[in-house]
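The values are calculated or read from the model by the stated rules, or taken from the named source; none is laboratory data. Please read these numbers as outputs of a predicted model, since none were measured by experiment. Glycine gets a Cβ as well: all are built from the backbone with ideal geometry, and neighbour counts include every protein chain shown.
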Amino acid sequence: MSFTKRLIRWWPCLALAAAPAFAATSDVEQLTKDPKNWAMQSGNLANHRYSELKQITSKNAKNLQVAWTFSTGVLRGHEGGPLVVGDTMYIHSPFPNKVFAISLEDQSIRWKYEPKQDATVIPVMCCDTVNRGVAYANGKIFLQQADTTLVALDAKTGAELWKVKVGDPKLGETTTNTPHVFKDKVLTGISGGEFGVRGRVTAHDMNTGKILWKAYSTGPDNELMVDPAKTMTWTDGKMAPVGPNSSLKTWQGDQWKLGGGTTWGWYSYDPATNLVYYGTGNPSTWNPRQRPGDNKWSMTIFARDLDTGMAKWVYQMTPHDEWDYDGVNEMILADIKVKGQPRKALVHFDRNGFGYTMDRVTGELLVAEKFDPKVNWATHVDMKSGRPQVVAKYSTDKNGPDFNSKGICPSALGTKDQQPASYSRKTGLFYVPTNHVCMDYEPFQIEYTAGQPYVGSTLSMYAAPNSHGGLGNFIAWDAGTGKIVWSKPEKFSVWSGALSTAGDVVFYGTLEGYLKAVDNNGKELWKFKTPSGIIGNVHTWEYKGKQYIGVLSGIGGWAGIGLAAGLTKGTEGLGAVGGYKDLAKYTELGGVLTVFALPDR
Amino acid sequence: MNRLTKKAVLTAACTLAALSGLLPGAALAADAAPYKVADGHKVDAQTLSGWKTWRAMACERCHGAAQEGMVGPSLVNSLKVLSKDEFKATVLKGRIEKGMPNFDSSKMVSENIDNLYAYLKGRSDGAIEPGRLQEIGK
């Protein structure tokens with residue numbers, strides 16, 4: 001039975017059983033069950049990015065044409081995408097984080113909101129001021145501004161209802177993630193892994209913004225919100241309690257205070273277990289010699305009880321990171337067969353190049369396989385210990401500071417960064433936008449100064465050698481076996497969130513600016529060149545009997561940042577974006593939403 | 001920094017200032033480059049510290065690994081236009097609205113601002129190669 005079907009079946013019982021407690025719950029879960037809406041950034045609580053709409057099919061997708069467009073008036077990287085609830089669309093922009101409510105009837109602007117933010121936040125977001133979109137629930141729009149202010153707006157008028165600040169940009173703390181509305185709470189995270197920020201997640205009262213719980217990624221047990229005896233982790237082939245000081249004992253001295261483990265990804269929530277799932281980012285600094293130990297719980301999948309915040313289970317994917325393989329990517333919840341057995345699974349495509357399938361209820365490790373054959377920093381994940389088996393010559397810790405470790409795959413961008421994958425409830429497969437990029441990595445000693453960059457490594461990135469020469473692939477993945485089903489090469493990284501549909505069409509955008517439609521076998525059906533490179537996510541909705549596809553273009557973000565002046569001169573592989581210099585031949589900055597539909601007959 | 005060191009640094013700075021006062025026009029002379037370089041990638045200790053400062057502050061994230069410009073401007077070009085004082089003011093006070101941070105809170109930058117200038121001037125002049133450097137004679 002599919003996840004949604006099961007939910008629908010149990011919904012009345014749940015509602016009945018918990019009626020009094022549900023008084024304050026949100027309507028967003030119900031809204032996501034109507035495919036006419038696109039009410040959450042990822043389409044539903046489980047991060048599926050799948051739509052039951054099927055007016056657009058693999059047969060007619062070739063006829064798609066532009067229905068309307070809308071400029072955000074903002075340059076730089078446009079991540080995330082538009083929400084659609086009923087007859088209204090809500091669009092956001094990167095800094096200054098404008099929000100527009102647009103009438104689907106005539107595309108008029110119902111209201112516009114532009115927060116006043118201190119410009120000092122821009123340099124701290126070096127080098128791009130992305131935002132991954134707004135959230136909706138109970139007549140409110142939630143915006144997580146760059147300056148760490150979480151604000152609730154009246155969805156009808158755009159009036160501010162409440163605001164709360166979750167960080168301090170002077171310490172390098174900023175925010176780029178979408179707020180996540182689960183049940184009666186709004187959850188948000190923090191960015192700044194390159195500034196020595198200590199990651200955490202806060203849960204807020206949807207109606208007041210009041211902080212209900214706050215759980216750190218590193219530090220003492222009470223601040224981690226773990227129970228040494230009850231919080232479980234994969235240990236020696238089975239689940240076992242994490243024990244006391246599970247984080248503190250994996251750091252030297254007070255380094256955990258600058259520990260990183262930031263939380264800027266895509267969270268998910270399973271109402272059946274009341275667990276919320278998210279990942280934590282890299283430990284600070286990028287020079288691994290300065291932080292001996294496993295650096296828990298950076299690079300970790302957390303499963304927490306939504307109401308109490310207490311961690312039920314944790315799993316660290318990359319102990320003692322030496323490559324910047326943040327673990328923040330989307331957590332997709334799917335009920336699939338794993339090695340023949342039906343499982344309530346959590347599927348996660350990590351920056352480190354392994355696709356993980358976990359039992360989302362217990363936290364057991366089920367599958368960990370490379371989703372790009374070029375991944376070389378580890379031979380495999382040992383299924384008993386759950387630890388990646390690191391290849392010595394790619395260990396930037398073993399090689400030490402001021403040594404350039406060459407040919408590491410993937411690069412720090414990861415085999416996949418935040419660009420979220422899609423899970424088709426129809427095919428049971430995952431459609432994954434990926435990077436096909438390797439790197440040289442030279443760490444060096446660095447001192448911490450509050451609010452200053454705390455990186456400590458020089459990187460060069462380039463297309464994976466001895467392959468197709470491109471910087472990306474769009475793949476289909478079987479999470480039950482850990483195998484690539486098909487792989488479609490792309491010239492540049494696919495930095496756009498995918499969408500799969502019941503019409504057997506899968507959509508994604510490219511850095512050159514194409515929105516592409518492929519069938520379930522990866523065959524390209526259609527493409528359209530939007531005004532700028534696409535790092536936004538593809539969304540779909542229905543209005544007055546017509547299915548629409550929408551995507552934000554607007555190049556930027558980490559991969560696209562090299563686009564501004566000068567990169568065409570080329571630096572022969574030097575620098576973080578050396579491999580991307582060709583992008584300037586294809587596209588320029590500028591945020592535009594492009595909406596597509598089939599022509600009227 | 002203890003008082004003695006502070007005094008020594010101050011004295012050194014005053015001596016330098018006095019020296020440059022004694023030698024008007026020295027800065028204009030072609031041979032008065034603020035850096036020493038050999039084989040493109042070997043530099044004097046001060047310039048090496050300048051490069052290390054550049055690296056530690058992750059300046060390449062905006063200005064590019066070869067100072068060629070990305071989100072931030074090309075410093076190869078900027079250092080042909082900016083006076084040394086303008087350069088220092090830009091780095092220490094920032095150009096916030098454009099996204100350039102103020103680095104005056106960084107001890108490393110404050111102490112190495114002249115060295116940073118020397119390194120970037122060398123890059124702008126084309127005398128120093130992009131990438132890793134080492135000290136002359138080491």
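Structural remarks
- Checking every residue in the stretch A:412-431 against the condition of being within 23 Å of residue A:466 (Cα to Cα) and part of a strand (DSSP E or B) gives zero matches.
- Of everything listed in (1) part of a loop (DSSP other than H, G, I, E, B); (2) farther than 23 Å from residue A:265 by Cα; (3) modelled with pLDDT under 95, the single unmet condition for residue A:54 is (3).
- Checking A:104, A:45 one by one, the residue that is crowded, with 21+ Cβ neighbours inside 10 Å and among the hydrophobic types (A, V, I, L, M, F, W, C) is A:45 and no other.
- Selection within the stretch A:231-264: residues that are more than 27 Å from residue A:359 (Cα to Cα) and small (Gly, Ala, Ser). The member of this set that is surrounded by the most Cβ atoms within 10 Å (Cβ to Cβ) is A:259.
- Residue in the stretch B:95-115 that is surrounded by 19 or more Cβ atoms within 10 Å (Cβ to Cβ), modelled with pLDDT of 95 or more, more than 16 Å from residue B:57 (Cβ to Cβ) and polar (S, T, N, Q) present: no
- Qualifying residue in the stretch A:590-600 (condition: of a type in the set (S, T, N, Q) and modelled with pLDDT of 95 or more): yes
- Scanning the stretch B:71-86 finds one or more residues that are under 30 Å from residue A:413 (Cα atoms), within 14 Å of chain A (Cβ to nearest Cβ) and without any contact (Cβ under 8 Å) to a residue 24 or more places away in the chain.
- From the options A:164, A:181, residue that is aliphatic (A, V, I, L, M), crowded, with 24+ Cβ neighbours inside 10 Å, touching a strand residue (DSSP E or B) at 6+ places or on another chain (Cβ under 8 Å) and within 13 Å of residue A:206 (Cβ to Cβ): A:181
- Matching residues in the stretch B:103-138 - criterion: being at the interface with chain A (Cβ under 8 Å from one of its Cβ atoms), outside any helix (DSSP H, G or I) and over 21 Å from residue A:459 (Cα atoms): B:103, B:105, B:106
- Some residue of the stretch B:41-50 being within 14 Å of chain A (Cβ to nearest Cβ), more than 25 Å from residue B:105 (Cα to Cα) and modelled with pLDDT of 90 or more: yes
- Of all the residues in the stretch A:129-163, those that are small (Gly, Ala, Ser) and either touching a Ser or Thr at 6+ places or on another chain (Cβ under 6 Å) or assigned to a strand (DSSP E or B) (or both) number 5.
- Considering residues of the stretch A:169-181 that are out of contact with any Lys or Arg (no Cβ under 8 Å at 6 or more places or on another chain) and at pLDDT 95 or above only, the residue farthest from residue A:216 (Cα to Cα): A:181
- Restricting the stretch A:533-543 to residues that are in contact (Cβ under 8 Å) with a residue 60 or more places away in the chain and in a loop (DSSP other than H, G, I, E, B) leaves a set whose member that is surrounded by the fewest Cβ atoms within 10 Å (Cβ to Cβ) is A:538.
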